[in-house]
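S.K.: Quick one: the structure is below, and I'll ask about it shortly.
Please treat every number below as a calculation from the coordinates, not as lab data. These figures come from a predicted structure and were not determined experimentally. As a convention, Cβ positions derive from the backbone with ideal geometry for all residues, glycine included, and neighbour counts pool all protein chains shown.
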Amino acid sequence: MSEMDVQFVEPHLLDLYRELRTVTVPPEKLQTGPVVPEILETWQSGIPMLYCHPPQIDVESFFEVLEEISRILKQYHPDRSEDVNRILAALPAEAEARSKSVAEVLRRDGEWLSNFVSEKDLPEEMVGFMISLTLRPFLRHFSAQLRESLDLESWRKRFCPVCGGHANFSRLSREIGARTLYCSLCETEWPFARIGCAFCNESDQKQFRFFTVDEAQRYRVYVCETCKGYIKTIDEGKTPIDEKIELFWEDVKTVHLDLLAMQEGYENKIAEIPAYGDEVKN
Ligand SMILES: [Zn+2]
Ligand SMILES: [Zn+2]
């Protein structure tokens with residue numbers, strides 16, 4: 001990372017994400033069955049792998065990761081310690097309920113989340129944040145285990161082929177005309193149409209524009225007037241040819257662009273989970 005990149009972001013935030021990223025789980029804590037042709041067929045019909053081929057997560061490992069994430073959050077945000085502690089205290093203690101809650105969380109069932117939050121009067125955004133940070137190390141393994149079996153070139157949908165989430169970053173490759181979307185939850189990147197909204201069905205070019213900030217022409221923020229969504233994008237053509245671009249860090253380093261987009265009235269769609277659910281409703 002160059003110094004120029006760092007000046008945009010509070011060092012504190014980068015340190016927080018660096019530390020969060022050290023929280024890992026052994027791959028065997030997530031079990032995935034073989035990807036048989038029937039599963040691939042279902043996946044090709046547009047069902048993300050998390051739904052047509054759900055993995056088994058070791059329940060106690062899930063809670064261990066959650067504790068570790070909570071410790072880090074409290075260290076960086078002491079002002080939110082009380083909220084984090086209340087959330088931890090509200091988690092089920094009994095084995096069957098613990099196992100059920102992990103299964104619901106893994107399915108990213110919005111109903112389970114809203115019941116949990118309202119019954120115990122918890123801060124919803126903090127619960128969602130803690131859960132998605134906890135799921136990340138597991139879903140990273142899930143994506144890595146599946147990647148070889150999936151023909152991502154054939155997917156080309158607005159939601160993640162592995163976990164069904166929204167993309168929160170995209171990449172314009174050096175190759176003319178190629179764009180990929182990136183899901184930060186499971187770290188999957190997949191090809192998508194160069195033109196068209198990554199959140200709604202809009203493909204009318206007049207509805208899109210992008211802005212850049214002068215200091216960093218390498219980033220574009222595409223906004224859609226139809227759904228008011230925005231997506232941060234890296235233009236590889238504006239980066240040194242030998243630079244290894246990791247979208248995870250590009251996303252963290254560009255929080256200033258999220259703030260700008262939100263100030264302009266655009267929404268961070270990543271908060272609406274899961275994207276795949278919207279598709280089913282539409
Ligand atoms: Zn994903
Ligand atoms: Zn849109």
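S.K.: Which length gain, in nm to one decimal place, applies between T24 and V213 when the Cα-Cα distance is subtracted from 0.36 nm times their residue separation?
M.R.: Gain in length upon complete extension: 64.6 nm.
S.K.: Reachable aspartates and glutamates from K228, Cα under 16 Å, same-chain residues fewer than 8 places away excluded?
M.R.: E202, D204, D258, E264, E267, E272, D278
S.K.: Next question. For the chain, what is the calculated [θ] at 222 nm in deg cm²/dmol (nearest 500), taking -39500 (n - 2.57) for each run of four or more DSSP H residues and dividing by its residue count?
M.R.: The per-residue figure over the chain is -13000 deg cm²/dmol.
S.K.: Which whole-Hz ³J(HN,Hα) couplings does the range 88-99 yield from phi under the Karplus relation 6.51 cos²θ - 1.76 cosθ + 1.60, θ = phi - 60°, glycine and proline marked x?
M.R.: For the range 88-99, the Karplus curve yields 4, 5, 7, 5, x, 9, 8, 3, 5, 5, 5, 5 Hz.
S.K.: Rounded to the nearest 20 Debye, what is the dipole magnitude of the chain about its Cα centre when Lys and Arg each give +1 and Asp and Glu each give -1 at the C-beta?
M.R.: That gives the chain a dipole magnitude of about 540 debye.
S.K.: Going by a ≥ b ≥ c, the root eigenvalues of the Cα gyration tensor, does the range 152-281 fall in the rounded group (a/c under 1.5), the prolate group (a/b larger than b/c) or the oblate group?
M.R.: rounded
S.K.: Sort C183, C160 by Cβ crowding within 10 Å, fewest neighbours at the top.
M.R.: C183, C160
S.K.: So if we plug the beta-carbon distance of E94 and S154 into 1/(1 + (r/R0)^6) with R0 = 30 Å, what FRET efficiency do we get, rounded to 0.05?
M.R.: 0.10
S.K.: Also, quick follow-up: Alpha carbons only, please: Rg and Dmax for the chain, in angstrom.
M.R.: So, for the chain, Rg and Dmax equal 19.0, 55 Å respectively.
S.K.: So, with +1 on the Cβ of K and R and -1 on the Cβ of D and E, and no other charges, what is the size of the charge dipole of the range 152-281 about its Cα centre, to the nearest 20 debye?
M.R.: My answer is approximately 300 debye.
S.K.: What aspartates and glutamates does K206 reach when the alpha-carbon gap must be under 17 Å and sequence neighbours fewer than 8 apart in one chain are set aside?
M.R.: E225
S.K.: Suppose the Debye formula is applied to equal point scatterers at every Cα of the range 68-172; what is log10 I(q)/I(0) at q = 0.12, 0.20, 0.22 Å⁻¹?
M.R.: -0.52, -1.14, -1.27
S.K.: List, in the order given, every pair from K74/K253; K29/K269; K232/K253; K74/K120 whose Cα-Cα distance in the structure shown is over 18 Å.
M.R.: Distance filter (> 18 Å) returns K74/K253; K29/K269; K74/K120.
S.K.: Tell me the net charge near K74. Cut-off is 13 Å between Cβ atoms, K74 excluded, with +1 for each Lys or Arg and -1 for each Asp or Glu.
M.R.: -3
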